[in-house]
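Trainee: One structure, as C-alpha coordinates, below. Some questions next.
The values are calculated or read from the model by the stated rules, or taken from the named source; none is laboratory data. From a predicted model like this one, the values you see are computed outputs, not experimental measurements. For neighbour counting, all protein chains shown are included, and Cβ atoms are generated from backbone atoms with ideal geometry for every residue, glycine included. The protein model used for the area step is the full one, side chains on, heavy atoms only, and it has no ligands, DNA or RNA in it. Shrake-Rupley method; radii C 1.70, N 1.55, O 1.52, S 1.80 Å.
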Amino acid sequence: MFTGIIEELGTVVAIDRLGNSARLSIRGATVTSDAAHGDSISVNGVCLTVVDNADGVFTADVMGESLDRSTLGGLTAGSAVNLERAATMATRLGGHIVQGHVDGVGAVLSREPGDQWETVTFSLPPQLARYVVEKGSITVDGISLTVTAVTGDTFSVGLIPTTLKLTTLGAKGVGEQVNLEVDIMAKYVEKLLAKGGE
(Lines give C-alpha, C1' and ligand atoms only; values in the text may rest on other atoms or scores of the structure.)
Protein backbone atom coordinates (compact mmCIF):
# COMPACT_ATOMS: atom_id res chain seq x y z
CA MET A 1 0.00 0.00 0.00
CA PHE A 2 1.12 3.56 -0.76
CA THR A 3 -0.06 7.08 0.04
CA GLY A 4 0.48 8.79 -3.31
CA ILE A 5 3.08 11.18 -1.86
CA ILE A 6 6.04 10.94 -4.23
CA GLU A 7 9.40 10.61 -2.50
CA GLU A 8 11.64 11.34 -5.45
CA LEU A 9 12.00 11.53 -9.20
CA GLY A 10 13.97 8.53 -10.38
CA THR A 11 15.57 7.79 -13.72
CA VAL A 12 15.22 4.64 -15.82
CA VAL A 13 18.69 3.22 -16.35
CA ALA A 14 17.61 0.33 -18.59
CA ILE A 15 14.56 -1.61 -19.69
CA ASP A 16 15.26 -5.13 -20.91
CA ARG A 17 12.48 -6.83 -22.88
CA LEU A 18 11.91 -10.47 -21.96
CA GLY A 19 9.24 -11.75 -24.33
CA ASN A 20 5.93 -10.40 -23.00
CA SER A 21 7.58 -9.07 -19.82
CA ALA A 22 10.41 -6.70 -19.00
CA ARG A 23 13.04 -5.96 -16.37
CA LEU A 24 13.37 -2.34 -15.30
CA SER A 25 16.47 -0.85 -13.73
CA ILE A 26 15.82 2.49 -12.01
CA ARG A 27 18.09 4.92 -10.21
CA GLY A 28 16.66 6.48 -7.05
CA ALA A 29 18.86 7.35 -4.07
CA THR A 30 16.03 7.76 -1.56
CA VAL A 31 13.97 4.67 -2.33
CA THR A 32 17.04 2.43 -2.60
CA SER A 33 18.54 3.63 0.69
CA ASP A 34 16.79 0.85 2.62
CA ALA A 35 15.29 -1.32 -0.13
CA ALA A 36 15.65 -5.07 0.16
CA HIS A 37 14.78 -7.96 -2.14
CA GLY A 38 10.98 -8.37 -2.12
CA ASP A 39 10.16 -4.81 -1.07
CA SER A 40 7.50 -2.86 -2.98
CA ILE A 41 8.20 0.42 -4.78
CA SER A 42 5.62 2.39 -6.76
CA VAL A 43 6.93 3.41 -10.19
CA ASN A 44 4.58 5.92 -11.85
CA GLY A 45 1.80 4.40 -9.79
CA VAL A 46 2.58 0.75 -10.53
CA CYS A 47 3.53 -1.42 -7.56
CA LEU A 48 6.73 -3.29 -8.44
CA THR A 49 8.78 -5.77 -6.42
CA VAL A 50 12.49 -5.16 -5.89
CA VAL A 51 14.57 -7.99 -7.37
CA ASP A 52 17.97 -6.42 -6.76
CA ASN A 53 19.36 -3.21 -5.27
CA ALA A 54 22.93 -2.00 -5.69
CA ASP A 55 24.66 1.39 -5.97
CA GLY A 56 21.43 3.38 -5.89
CA VAL A 57 19.79 1.34 -8.67
CA PHE A 58 17.01 -1.19 -8.13
CA THR A 59 15.67 -3.71 -10.62
CA ALA A 60 12.13 -5.00 -10.88
CA ASP A 61 10.36 -7.43 -13.18
CA VAL A 62 7.23 -6.22 -14.95
CA MET A 63 4.80 -8.84 -16.25
CA GLY A 64 2.85 -8.47 -19.46
CA GLU A 65 -0.37 -7.58 -17.63
CA SER A 66 1.28 -4.50 -16.08
CA LEU A 67 2.88 -3.50 -19.38
CA ASP A 68 -0.50 -3.76 -21.14
CA ARG A 69 -2.48 -1.83 -18.51
CA SER A 70 -0.02 0.96 -17.79
CA THR A 71 2.46 3.31 -19.44
CA LEU A 72 5.51 1.36 -18.21
CA GLY A 73 5.93 -0.30 -21.59
CA GLY A 74 6.68 3.09 -23.13
CA LEU A 75 9.56 3.91 -20.80
CA THR A 76 13.08 4.18 -22.21
CA ALA A 77 16.52 4.69 -20.68
CA GLY A 78 16.59 8.21 -19.32
CA SER A 79 12.85 8.47 -18.63
CA ALA A 80 11.95 10.21 -15.38
CA VAL A 81 9.62 8.27 -13.07
CA ASN A 82 7.75 9.01 -9.83
CA LEU A 83 8.95 6.79 -6.97
CA GLU A 84 7.43 5.95 -3.60
CA ARG A 85 8.29 3.21 -1.11
CA ALA A 86 5.46 1.19 0.42
CA ALA A 87 3.81 2.72 3.47
CA THR A 88 4.59 1.47 6.96
CA MET A 89 2.38 1.53 10.06
CA ALA A 90 4.22 4.71 11.09
CA THR A 91 3.72 6.49 7.75
CA ARG A 92 1.75 9.73 7.69
CA LEU A 93 -1.19 9.29 5.33
CA GLY A 94 -0.67 12.60 3.56
CA GLY A 95 -2.45 11.46 0.41
CA HIS A 96 -4.96 8.61 0.32
CA ILE A 97 -4.90 4.81 0.24
CA VAL A 98 -3.18 3.82 -3.01
CA GLN A 99 -2.71 0.20 -4.03
CA GLY A 100 -0.36 0.64 -6.96
CA HIS A 101 -2.81 -1.26 -9.18
CA VAL A 102 -3.41 0.81 -12.32
CA ASP A 103 -7.06 0.88 -13.42
CA GLY A 104 -6.52 2.55 -16.78
CA VAL A 105 -4.55 5.03 -18.84
CA GLY A 106 -5.54 8.62 -19.55
CA ALA A 107 -3.87 11.46 -21.42
CA VAL A 108 -3.12 15.11 -20.74
CA LEU A 109 -5.73 17.18 -22.60
CA SER A 110 -4.83 20.69 -21.49
CA ARG A 111 -2.70 22.73 -19.09
CA GLU A 112 -3.82 26.12 -17.77
CA PRO A 113 -1.22 28.05 -15.73
CA GLY A 114 -2.41 30.10 -12.75
CA ASP A 115 -0.60 32.48 -10.42
CA GLN A 116 0.52 29.83 -7.94
CA TRP A 117 -0.77 26.60 -9.47
CA GLU A 118 -1.67 24.93 -12.73
CA THR A 119 -4.92 23.27 -13.74
CA VAL A 120 -4.40 20.11 -15.76
CA THR A 121 -7.22 18.25 -17.50
CA PHE A 122 -6.97 14.55 -18.39
CA SER A 123 -9.05 12.15 -20.45
CA LEU A 124 -11.02 9.67 -18.38
CA PRO A 125 -11.65 6.11 -19.65
CA PRO A 126 -15.41 5.39 -19.70
CA GLN A 127 -15.13 2.38 -17.38
CA LEU A 128 -13.58 4.58 -14.66
CA ALA A 129 -15.88 7.61 -14.88
CA ARG A 130 -18.35 6.35 -12.25
CA TYR A 131 -15.58 6.23 -9.61
CA VAL A 132 -14.37 9.82 -10.07
CA VAL A 133 -16.13 12.65 -8.23
CA GLU A 134 -15.39 16.32 -7.66
CA LYS A 135 -13.30 16.78 -4.49
CA GLY A 136 -12.60 13.05 -4.47
CA SER A 137 -9.16 11.45 -4.71
CA ILE A 138 -7.47 9.99 -7.78
CA THR A 139 -3.95 8.74 -8.40
CA VAL A 140 -2.18 10.02 -11.53
CA ASP A 141 1.21 8.42 -12.23
CA GLY A 142 1.36 7.47 -8.55
CA ILE A 143 0.51 10.96 -7.28
CA SER A 144 -2.43 11.40 -4.91
CA LEU A 145 -4.48 14.31 -6.26
CA THR A 146 -7.84 15.96 -5.55
CA VAL A 147 -10.30 16.15 -8.44
CA THR A 148 -11.35 19.78 -9.02
CA ALA A 149 -13.80 19.11 -11.87
CA VAL A 150 -15.18 16.09 -13.69
CA THR A 151 -17.28 15.48 -16.80
CA GLY A 152 -18.28 12.21 -18.43
CA ASP A 153 -14.91 11.72 -20.09
CA THR A 154 -12.52 14.20 -18.46
CA PHE A 155 -11.33 15.28 -15.03
CA SER A 156 -9.17 18.14 -13.82
CA VAL A 157 -6.75 18.62 -10.94
CA GLY A 158 -4.89 21.60 -9.54
CA LEU A 159 -1.12 21.21 -9.23
CA ILE A 160 0.78 23.26 -6.66
CA PRO A 161 4.40 24.34 -7.32
CA THR A 162 5.78 21.47 -5.22
CA THR A 163 3.97 18.87 -7.35
CA LEU A 164 5.04 20.60 -10.56
CA LYS A 165 8.67 20.66 -9.43
CA LEU A 166 9.02 17.26 -7.75
CA THR A 167 7.00 14.93 -10.00
CA THR A 168 6.77 13.99 -13.67
CA LEU A 169 3.54 15.99 -14.03
CA GLY A 170 5.58 19.17 -14.16
CA ALA A 171 6.92 18.18 -17.58
CA LYS A 172 4.05 16.14 -19.08
CA GLY A 173 2.87 17.66 -22.34
CA VAL A 174 -0.54 17.63 -23.96
CA GLY A 175 -1.16 14.20 -25.47
CA GLU A 176 1.19 12.32 -23.13
CA GLN A 177 -0.28 9.34 -21.30
CA VAL A 178 -0.59 8.82 -17.55
CA ASN A 179 -1.47 5.90 -15.29
CA LEU A 180 -4.75 6.23 -13.38
CA GLU A 181 -5.89 4.50 -10.21
CA VAL A 182 -9.31 5.40 -8.83
CA ASP A 183 -10.12 5.45 -5.13
CA ILE A 184 -10.43 1.83 -3.93
CA MET A 185 -13.16 2.88 -1.48
CA ALA A 186 -15.47 3.77 -4.37
CA LYS A 187 -15.06 0.28 -5.83
CA TYR A 188 -15.81 -1.38 -2.50
CA VAL A 189 -18.92 0.76 -2.00
CA GLU A 190 -20.15 -0.16 -5.49
CA LYS A 191 -19.69 -3.86 -4.79
CA LEU A 192 -21.41 -3.67 -1.41
CA LEU A 193 -24.39 -1.82 -2.88
CA ALA A 194 -24.65 -4.37 -5.68
CA LYS A 195 -24.63 -7.21 -3.13
CA GLY A 196 -27.40 -5.49 -1.16
CA GLY A 197 -29.62 -5.53 -4.22
CA GLU A 198 -29.40 -9.31 -4.68
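Trainee: Assign one of three labels to the stretch 73-148, namely rounded, prolate or oblate, based on the Cα gyration tensor with a ≥ b ≥ c the square roots of its eigenvalues; rounded applies when a/c is under 1.5, prolate when it is not and a/b is larger than b/c, and oblate otherwise.
Mentor: Details: a/c = 1.31, a/b = 1.16, b/c = 1.13.
Rounded, because the longest to shortest axis ratio a/c is under 1.5.
Trainee: Among the aspartates and glutamates, select those whose C-alpha is under 14 Å from the C-alpha of K191, and discard any that sit fewer than 8 residues away in the same chain.
Mentor: Output for K191: D183.
Trainee: Cα atoms only, the stretch 25-112: Rg and Dmax in Å?
Mentor: 13.8, 42
Trainee: Same structure again: Tell me which residues come under 5 Å, amide H to amide H, from V102 once H is placed; ignore anything under 5 positions away on its chain.
Mentor: Correct list: C47.
Trainee: Specify whether the C-alpha gyration tensor of the stretch 117-160 places it in the rounded, prolate or oblate class, a ≥ b ≥ c being the square roots of the eigenvalues: rounded for a/c under 1.5, otherwise prolate if a/b is larger than b/c and oblate if not. Don't jump to the answer; show the numbers that get you there.
Mentor: Values: a/c = 1.71, a/b = 1.50, b/c = 1.14.
In terms of gyration-tensor shape, prolate.
Trainee: Would you pull out the residues with amide H under 5 Å of A107's amide H, same chain only if 5 or more places away, H placed 1.01 Å from N?
Mentor: S123, V178
Trainee: Which ³J(HN,Hα) values, rounded to whole Hz and listed in residue order, are derived for the stretch 30-45 from phi using the Karplus coefficients 6.51, -1.76 and 1.60 in 6.51 cos²θ - 1.76 cosθ + 1.60 with θ = phi - 60°, glycine and proline given as x?
Mentor: With coefficients 6.51, -1.76 and 1.60, one gets 6, 6, 8, 4, 9, 6, 10, 3, x, 5, 9, 9, 7, 10, 6, x Hz.
Trainee: What residues have an amide H closer than 5 Å to that of E84, excluding those fewer than 5 places away on the same chain, when H is modeled at 1.01 Å from N in the peptide plane?
Mentor: Counting only residues 5 or more places away or on other chains, the set is E7, S42.
Trainee: Let me ask another. Could you look at the stretch 44-96 and say what percent of its accessible area is carbon and sulfur, using a 1.4 Å probe and all protein chains? Provide the component values of the computation, followed by the final result.
Mentor: Numbers: 1330 of 2620 Å².
Carbon-and-sulfur percentage of accessible area, whole number: 51.
Trainee: Ignoring ligands, DNA and RNA, what percent of the 1.4 Å accessible area of the stretch 154-198 is carbon and sulfur? It would help to have the intermediate numbers written out before the result.
Mentor: Values: 1620 of 2600 Å².
Using a 1.4 Å probe with all protein chains present, the stretch 154-198 comes out at 62 percent carbon and sulfur.
Trainee: Might you work out the accessible area of R69 for me, using a 1.4 Å probe with all protein chains in place, and round it to the nearest 10 Å²?
Mentor: Answer for R69: close to 130 Å² accessible.
Trainee: Show me, bin by bin at 10 Å from 0, the whole-percent P(r) of the chain based on Cα pairs.
Mentor: Cα pair-distance distribution for the chain, in percent: 9, 36, 35, 16, 3, 0.
Trainee: Which of the lysines could be linked to K135 by a straight reach, that is with a Cα gap under 20 Å, when you skip same-chain ones fewer than 8 residues away?
Mentor: K187
Trainee: Before I look further, what does the stretch 58-147 give for accessible area per residue, probe 1.4 Å, in whole square angstrom?
Mentor: Values: 4360 Å² over 90 residues.
For the stretch 58-147, the solvent-accessible area averages 48 Å² per residue.
Trainee: With +1 assigned to the C-beta of every Lys and Arg and -1 to the C-beta of every Asp and Glu, and no other charges, what is the dipole magnitude of the chain about the Cα centre in debye, to the nearest 20? Let's see the in-between values first.
Mentor: Working: 14 positive and 23 negative charges, 37 e Å.
About 180 debye.
Trainee: Here's a follow-up. What is the magnitude of the charge dipole of the stretch 113-198 about its Cα centre, with +1 placed on the Cβ of each Lys and Arg, -1 on the Cβ of each Asp and Glu, and no other charges, expressed in debye to the nearest 20?
Mentor: In debye, rounded to 20, the stretch 113-198 gives about 180.
Trainee: Continuing with the same structure: Can you tell me the orientation of helix 184-196 relative to the chain, as the angle in degrees between its alpha-carbon axis and the longest Cα principal axis, to the nearest 10?
Mentor: Its long axis makes an angle of about 50 degrees.
Trainee: Across the stretch 122-131, in residue order, what do the Karplus-derived ³J(HN,Hα) couplings come to in whole Hz, using 6.51 cos²θ - 1.76 cosθ + 1.60 with θ = phi - 60° and x for Gly and Pro?
Mentor: 10, 6, 10, x, x, 5, 9, 4, 5, 9
Trainee: Length gain on complete extension for the stretch L192 to N20, per 0.36 nm per residue less the alpha carbon to alpha carbon distance? Let's see the in-between values first.
Mentor: Details: separation 172, 0.36 × 172 = 61.92 nm, distance 3.55 nm.
Full extension from L192 to N20 adds 58.4 nm.
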